[in-house]
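Structure first, commentary second.
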Amino acid sequence: MIGRDKRRTYWRVLKIDRLDPSELNIQEDSTTYTECECSDLLKRIHEGNKSTGGLKFITTCYGIVGFIKFLGPYYMLLITKRRQIGAICGHTVYAVSKSAMIPLPNSTVQPSISNAKNENRYKKLLSMVDLTKDFFFSYSYHVMCSLQKNLCNNETGQVLYETMFVWNEFLTRGIRNHLQNTLWTVALVYGFFMQAALSLSGREFKLTLIARRSRHYAGTRYLKRGVNEKGRVANDVETEQIVFEDVPEGIPTQISSVVQNRGSIPLFWSQETSRLNLKPDIILSKKDQNYEATRLHFENLANRYGNPIIILNLIKTHEKKPRESILRAEFANAIDFINKNLSEENHLRFLHWDLHKHSRSRATNALILLGKVAAYALTLTGFFYCQVTPAFGCEGYLRCLSSENMENGNFSPQRHSNYDNKDADYLEEELSGDNNDASNIANGRSVKSLMFQKGVLRTNCIDCLDRTNVAQYAYGLAALGHQLHVLGVADNPKIDLDSPLADDLMGFYERMGDTLAHQYGGSAAHNKVTLTFESPSNNVTFAMVWI
């Protein structure tokens, strides 16, 4: 294999032994060639192997996805076509347009597989994983990490592949161990990526929405529910909303991001699939009386995002036949049990907010009230803001956030320790009006210092799809106002629900919701949640339908 940089300045050679089909033997030529030197090398190799056919061009590729072995030889997985789907600070992000699986052994040493039928069956199963759907990557930006992690951490290479959001970690393990580098491979993230240019009052900015699905405890609805023994939950997805204003080259870019999380209720529970029963019974296991797996899950969240962890639980409170409410009660018990062993500062903040109840009994202001709950969560976690130079490189991360700047950054969102485990309805009076704490997040920043997110909002319903999409949109809208305010694009940190910008953002979250629903449930989001509200400015009633 021949690899080169974008400018065709540096050329490298990778040698793969094709004579031993049972082993993966890879060597990287330590020499860096020019284009002419590389061409001469290939000519010499071709001349030296003319008796066996010489060199034969196979394909152009844009990265190695990995190597895999079933019952017979190794296969190499390649990206053969790509398409650009966005860019972050000058770093291009791509989606896979086409891939190929190439057997490694030379035809002269092709092994005879005793069970060729099973070999072909495994190959067919692998080919069913469509890399052209919802996988994305970047050569120069660590797209598996949030913007804040990219700028605050200096992790590179092997460590990044071991994160929970790199889906080809196992496939690349062999070549990474052989070469001790990641020059030839690409790290694939699975989820959702959308970027578009929007405008407010004549000023354009880029909005990016990223969803990163965890590779741990992965699987479809009904097959994967709840938590496993290691604290990994089903449908664990990190959502990041990035906002920046395009500026001329050479001028520092102001950029902001906010991260939220969704995941299945971290208890041992399941549902039996049935074509006749659209709402199968929920089976709650009692095998984890001390909630150890639940504790591990929230410990993992705290390690990833810091504290506080705010849990927004959207499931039903009261039902004629107890179903969701069974999980609600047990989830509350688990949080109370875990909080007994945590310091008051690190208590899990547990908010119940029955979305079905609010959308039916008070449809005119359900989304407004949910927005107030989201804004409250934003006051606890804050969001990330900084200035970066165009096309910053990995080596520039720590220079961008020096120790002096880190000390001057805002790590201190307000905390309310008495809001640990309550129904979120009580927040309606606390957060009524426009003068709540959320409006003070980014005020008074004519001289803008670094801002950091510390903690995360974790939202769940039963499937973590339809209702969760609504809540994540509300949080995204609350954050977007503050992001645009700190960037200087907006004069006011609040975005009205009837504004065109709110409608634009809804389009992003609808697309993401449908994509995540296809991945976890096998179809687009299908339970309609209609939230109607009245515009305070013109008393016109709007209906938002989440499909």
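Is it true that some residue in the stretch 319-337 is part of a helix (DSSP H, G or I), of a type in the set (Phe, Trp, Tyr), out of contact with any strand residue (DSSP E or B) (no Cβ under 8 Å at 6 or more places or on another chain) and assigned by TED's automatic domain parsing to the domain that holds Ser449?
Checked against the condition, which is being part of a helix (DSSP H, G or I), of a type in the set (Phe, Trp, Tyr), out of contact with any strand residue (DSSP E or B) (no Cβ under 8 Å at 6 or more places or on another chain) and assigned by TED's automatic domain parsing to the domain that holds Ser449, the stretch 319-337 yields at least one hit.
With the requirement that a residue be buried (at least 20 other Cβ atoms within 10 Å of the Cβ) and without any contact (Cβ under 8 Å) to a residue 24 or more places away in the chain, what does the stretch 329-372 give you?
If the condition is that a residue be buried (at least 20 other Cβ atoms within 10 Å of the Cβ) and without any contact (Cβ under 8 Å) to a residue 24 or more places away in the chain, then His358 is the only one that fits.
Report, by residue number, each residue of the stretch 4-16 that is loosely packed, with under 12 Cβ neighbours inside 10 Å and either among the aromatic types (Phe, Trp, Tyr) or farther than 19 Å from Tyr75 by Cα (or both).
Across the stretch 4-16, the qualifying residues are Asp5, Lys6, Arg7, Arg8, Thr9.
For (1) buried (at least 19 other Cβ atoms within 10 Å of the Cβ); (2) modelled with pLDDT under 95; (3) not hydrophobic (A, V, I, L, M, F, W, C), each residue gets a yes or a no:
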{"site": "Gln260", "(1), (2), (3)": "yes, no, yes"}
{"site": "Trp269", "(1), (2), (3)": "yes, yes, no"}
{"site": "Thr273", "(1), (2), (3)": "no, yes, yes"}
{"site": "Asn300", "(1), (2), (3)": "no, no, yes"}
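Among (1) farther than 22 Å from Ser264 by Cβ; (2) of a type in the set (Ser, Thr, Tyr); (3) loosely packed, with under 15 Cβ neighbours inside 10 Å, where does Tyr141 come up short?
Looking at each condition in turn, Tyr141 falls short on (3).
Give just the number: which of (1) at pLDDT below 95; (2) surrounded by 21 or more Cβ atoms within 10 Å (Cβ to Cβ) does His178 not satisfy?
With respect to (1) at pLDDT below 95; (2) surrounded by 21 or more Cβ atoms within 10 Å (Cβ to Cβ), His178 is out only on (2).
Quickly run through the stretch 332-360 and pick out the residues that are under 18 Å from Leu457 (Cβ atoms) and among the polar types (S, T, N, Q).
Across the stretch 332-360, the qualifying residues are Asn339, Asn346.
Quick one: is Leu223 among the aliphatic types (A, V, I, L, M), under 30 Å from Asn333 (Cα atoms) and surrounded by fewer than 23 Cβ atoms within 10 Å (Cβ to Cβ)?
yes
Using the structure shown, decide if Thr163 is within 24 Å of Asn261 (Cα to Cα), hydroxyl-bearing (Ser, Thr, Tyr) and either modelled with pLDDT under 95 or surrounded by fewer than 16 Cβ atoms within 10 Å (Cβ to Cβ) (or both).
Judged against the criteria, Thr163 is a match.
So for the stretch 73-91 (the condition being small (Gly, Ala, Ser) and under 27 Å from Pro105 (Cβ atoms)), does at least one residue qualify?
Among the residues of the stretch 73-91, not one is small (Gly, Ala, Ser) and under 27 Å from Pro105 (Cβ atoms), which makes the answer no.
Which is surrounded by 13 or more Cβ atoms within 10 Å (Cβ to Cβ) and closer than 23 Å to Arg176 by Cα, of Leu19, Leu41, Leu71, Leu55?
None of the others qualify; the one that does is Leu71.
Which fully enclosed strands (runs of 3 or more DSSP E) of the stretch 245-316 have 2 or more residues being small (Gly, Ala, Ser) and in the same structural domain as Leu342 (by TED's automatic domain parsing)?
Those strands (runs of 3 or more DSSP E) span 253-262.
Regarding the stretch 164-178, can at least one residue be identified that is under 18 Å from the mean Cα position of the chain (by Cα) and farther than 16 Å from Arg215 by Cα?
Within the stretch 164-178, none of the residues are under 18 Å from the mean Cα position of the chain (by Cα) and farther than 16 Å from Arg215 by Cα.
So which of Arg295, Arg203, Arg213 is among the charged types (D, E, K, R) and within 15 Å of Cys464 (Cα to Cα)?
Sole residue among the options that is among the charged types (D, E, K, R) and within 15 Å of Cys464 (Cα to Cα): Arg213.
Just to be sure I understand the filter: pairs with C-beta atoms under 6 Å, separated by 6 or more residues or on different chains, first member in the stretch 373-387 and over 16 Å from Gln148 (Cα atoms), second member among the polar types (S, T, N, Q). Which pairs pass?
That search, which allows pairs on different chains as well, returns Thr379/Gln414.
Can you tell which of Phe193, Phe170, Phe205 is out of contact with any Asp or Glu (no Cβ under 6 Å at 6 or more places or on another chain), touching a residue at least 24 places away in the same chain (Cβ under 8 Å) and not in a helix (DSSP H, G or I)?
Just one listed residue meets the conditions, Phe193.
Report every pair of residues separated by at least 6 positions or lying on different chains whose Cβ atoms are under 8 Å apart, first residue within the stretch 52-69 and aromatic (Phe, Trp, Tyr), second in a loop (DSSP other than H, G, I, E, B).
Matching pairs, first to second residue: Tyr62/Val186; Phe67/Leu24; Phe67/Leu104.
The values are calculated or read from the model by the stated rules, or taken from the named source; none is laboratory data. Since the model is a prediction, treat every value here as computed from it, not as a measurement. Glycine gets a Cβ as well: all are built from the backbone with ideal geometry, and neighbour counts include every protein chain shown.
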